[in-house]
Amino acid sequence: MSAERAEARYRRVGWTILLAGVVTLLAWIAITIDADSLKRPRGSGPVVPGFAKTVANATLIVIQTRDATYRIARTDRGWALRDKGNYPVRRERLNQFAQGIAGLQYVRPMTRDFAKLDRLGLGDPAKGGEGVLVQVQNAQGAFLANLVLGIEPRGVYVRDPTKAQTWAVKGDLPPLKDPAAWLDLAPIAVDKTRIARVDVAPQSGPAFAVVRDEIGARDFHLAKPFDRYLVLTPAGVNAVGESIALLAPVDVAGAPAIGGVARARTIARTFDGLVIESELYEDRGRRWLKLVARGETPAAAAEAQAINVRAAAWAYGLSEADFRDFAPPLALVARSPTAPIGAAPAPPAPPSAVASPAP
C-alpha cells in the first residue's frame with residue numbers, strides 16, 4: 001500500500017506542476033498580448049459609426065499613398081486641394097467621398113498577419129505598401145476617420161492603421177490615389193464649331209494661322225501667306241484649330257509657380273467674338289498652359305470674364321500630345337510647294353522668346 005500511496009502522491013505533484021505551468025503561461029499571455037486582440041472581432045455594422053453626422057465638422061482630409069500625400073482643406077471659398085495652390089475640388093466628388101466612407105460596412109474578418117497585408121492592398125503606404133491611408137480631421141485635429149483602405153479588383157478591405165486586423169468590407173468609394181480625380185481641370189467649355197481662326201506663334205519657324213470659312217464648316221485650312229502650302233494631313237490642321245476646345249489638362253498649379261519664357265503662343269477667335277490667348281511653358285520637365293480671355297462683343301465679354309475668374313490664376317498641365325497639337329511648327333503641319341518631296345522638316349530652333357502672333 002505504501003507504494004500505491006507514493007505513486008498517487010507523485011501524480012498529485014505532477015498535476016500541480018502542470019497546473020502551475022498553465023497559470024504561468026496564461027499570465028504571460030495576459031501581460032504580453034494586447035487585450036483588444038483577445039476580444040471577438042466585430043464583424044458587422046459601419047466601419048466609421050456616425051461619420052455621416054460628424055463629417056459636417058471636418059476641416060481637413062489627408063490621403064496618403066505609396067507615391068504621394070495630398071491634403072484637401074476647408075477654406076473660406078470652400079474645399080480646395082492645398083497641394084495644388086488651393087485649387088477648388090469638385091463638390092460631387094467630395095460628396096461621393098463622404099458618402100462612401102459613411103457607407104462602409106463590415107463583412108468579415110480577414111488576416112491579422114502583418115506579413116500578409118499587401119495581399120489585400122493594405123500595406124503601410126509610408127513604407128511602400130499598397131494601402132491608401134485616409135484621415136479626416138476636425139478643427140481641433142481629432143480624427144473623424146482614420147483607416148487604411150485596400151481597393152482591389154476582388155473587393156474592398158480596411159484596417160486600423162495601428163493594428164494588423166483586417167476586414168473585408170462593402171461600400172462604394174471614388175478613386176483616391178490620383179489627386180486630379182478631385183478636380184475639375186477643364187478651364188473652359190467652348191464648342192469647337194464656334195472657332196473661326198487660330199493664330200500660332202510656335203517655338204520654331206514662322207508664325208501661321210488656320211481658319212474656317214464659316215460656321216458649320218468641317219475643316220480648317222491654312223491662312224495666307226501659307227494657303228498654297230501642301231497640308232500633310234487635314235487632321236493635323238484641324239487639331240491646331242480645335243485644340244482650345246478639346247483641352248484636357250492632366251494637372252494644375254498656381255500660375256506664378258510656373259515661370260520662364262513662353263515656348264509658344266496662340267490666339268483663338270470664335271465667330272461670335274470670344275478671344276482666348278494662350279501661352280505654353282516647359283518647367284522642370286513638365287508642360288504647362290496659361291490662358292486669358294477677352295470679348296469683342298458684350299456677350300463675349302461676359303463669357304470672357306467668367307473664363308478669367310475661373311482660369312486666369314492657374315497654369316494647366318498638358319500631356320505631350322496636347323502640348324504638341326497646340327502650337328506645332330508649320331513644318332509639322334504643311335510643307336512648301338517648292339520643297340522636295342520627302343524632305344524632312346527642319347529641326348526646332350533652340351528655345352527662345354516667342355513673339356505673339358499678329359491679330
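The values are calculated or read from the model by the stated rules, or taken from the named source; none is laboratory data. Note that the structure is predicted; figures quoted are calculated from it, not measured. Every residue, glycine as well, gets a Cβ built from its backbone with ideal geometry; the counts of neighbours run over all protein chains shown.
A compact table of results
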| quantity | calculated |
| --- | --- |
| Identity of the residue in region 166-187, more than 19 Å from the chain's Cα centre (by Cα) and of a type outside the set (S, T, N, Q), that ends up surrounded by the fewest Cβ atoms within 10 Å (Cβ to Cβ) | Lys170 |
| Subset of region 314-328 [part of a strand (DSSP E or B) and of a type outside the set (Phe, Trp, Tyr)] | Ala315, Gly317 |
| Unique match (being in the same structural domain as Glu320 (by TED's automatic domain parsing), under 23 Å from Gln305 (Cα atoms) and more than 29 Å from the chain's Cα centre (by Cα)) among Arg294, Arg228 | Arg294 |
| Output for region 163-187, where each listed residue is part of a strand (DSSP E or B) and more than 17 Å from Glu92 (Cα to Cα) | Thr166, Trp167, Ala168, Val169, Lys170 |
| Region 297-322, subset closer than 16 Å to Ile195 by Cβ and either loosely packed, with under 14 Cβ neighbours inside 10 Å or of a type outside the set (Asp, Glu) (or both), residue farthest from the chain's Cα centre (by Cα) | Thr297 |
| Gly205 buried (at least 16 other Cβ atoms within 10 Å of the Cβ) and either hydroxyl-bearing (Ser, Thr, Tyr) or within 30 Å of Ile72 (Cβ to Cβ) (or both) | no |
| Selection status of Asp219, in a strand (DSSP E or B), over 17 Å from Ala321 (Cβ atoms) and assigned by TED's automatic domain parsing to the domain that holds Tyr281 | no |
| Criterion (part of a loop (DSSP other than H, G, I, E, B), of a type in the set (Ser, Thr, Tyr) and either surrounded by 16 or more Cβ atoms within 10 Å (Cβ to Cβ) or within 23 Å of the chain's Cα centre (by Cα) (or both)) met by exactly one of Thr111, Thr59 | Thr111 |
| Region 56-79, residues that are under 29 Å from Lys127 (Cβ atoms) and small (Gly, Ala, Ser) | Ala58, Ala68, Ala73 |
| Residues of region 204-238 that turn out to be out of contact with any Ser or Thr (no Cβ under 8 Å at 6 or more places or on another chain) and either aromatic (Phe, Trp, Tyr) or farther than 24 Å from Thr193 by Cβ (or both), as a count | 9 |
| Those strands (runs of 3 or more DSSP E) lying entirely in region 247-313 with at least 1 residues among the aliphatic types (A, V, I, L, M) and modelled with pLDDT of 95 or more | 264-270, 274-283, 286-295 |
| Of residues in region 325-357 being more than 20 Å from Leu230 (Cβ to Cβ) and assigned by TED's automatic domain parsing to the domain that holds Glu282, the one modelled with the highest pLDDT | Ala327 |
| Region 127-162, residues that are over 14 Å from Lys177 (Cα atoms), of a type in the set (Gly, Ala, Ser), in contact (Cβ under 8 Å) with a residue 12 or more places away in the chain and not in a strand (DSSP E or B) | Ala139 |
| Top-ranked residue of region 211-222 - restricted to ones that are within 17 Å of Gly273 (Cα to Cα) and of a type outside the set (Asp, Glu), ranked as surrounded by the fewest Cβ atoms within 10 Å (Cβ to Cβ) | Gly216 |
| Filter result for Gly100 (outside any strand (DSSP E or B), at positive phi and touching a residue at least 24 places away in the same chain (Cβ under 8 Å)) | no |
